Amino acid sequence: MDFQYLFKGIVVGLMVSIPLGPIGVLIIQKTIQKGRLAGFISGLGAAVADMFYATVAAFGLGMVLSFIKTQEFYLQLIGSIFLVYVGLRIFLTNPIKQIRGAKKTGKKGMLGDFVSIFFLTASNPIAVFVFVAVFAGASIFGSNPTLRIELFLILGVLLGGALWWYTLSTIINIFRKKFRLKQLFWINKISGIVIAALGFLAFLACFEPIKSFIHT
């Protein structure tokens, strides 16, 4: 019976991961530049961050929830600025040098990708409230939630996210082999612009509550 909660967690993990926001674009770009494994490891960073927020939502960790709620503005602000920085860096990077550099850096470079994607995903505090809403609205825990059920759900969220990023990086990698260097150059430019633009929009969104307050 417990495995039904694992399956529910996988579905939730897929629901959260599949919408292609700036993180998705960034992971696609990393897959194109560095290969399937680098894209998948980067995706795992996002999946682990989602698992963290799912854990907070499932266990209702008061102190963490309170910190996230009070520091929401600063977390989003830092995340959006870093996203703009990442986008501009991708735009200005020579993809040929990046591909050669990826071969030299190996596992160290992948660890950096994992950590950077983890913190970028974790800088979106809205995620925890998404999990709270999904868990509560869909009555996923049932009438009598136990520690075992919650752990199966959290593990499912991680597996669902990992499954999506593995699938996406594998599909992108198939087409990656057909790209020429000139196409990679323009893909780098376009993905950099898209990521920076999404980061800038996220930056502007941080100040929407302040604007609403002033107008009222």
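Points worth noting:
- Nearest-0.05 FRET efficiency for TYR85 and LYS189, computed from C-beta distance (R0 22 Å): 0.85
- Here r is the Cβ-Cβ distance between LEU92 and PHE175 and R0 is 41 Å; the resulting FRET efficiency, rounded to 0.05, is 0.95.
- Rounded to 0.05, the FRET efficiency of the THR146 and PHE203 pair, given R0 = 25 Å and the Cβ-Cβ distance, is 0.05.
- Highest mean packing first, where packing is the average number of other Cβ atoms within 10 Å per residue, the peptides 110-122, 47-59 line up as 47-59, 110-122.
The numbers here are math on the coordinates, done by the rules we state, and not lab data. This structure is a prediction, so every number in the text was calculated from the model and none was measured. Note that each Cβ is placed from the backbone with ideal geometry, even for glycine, and that neighbours are counted across all protein chains shown.
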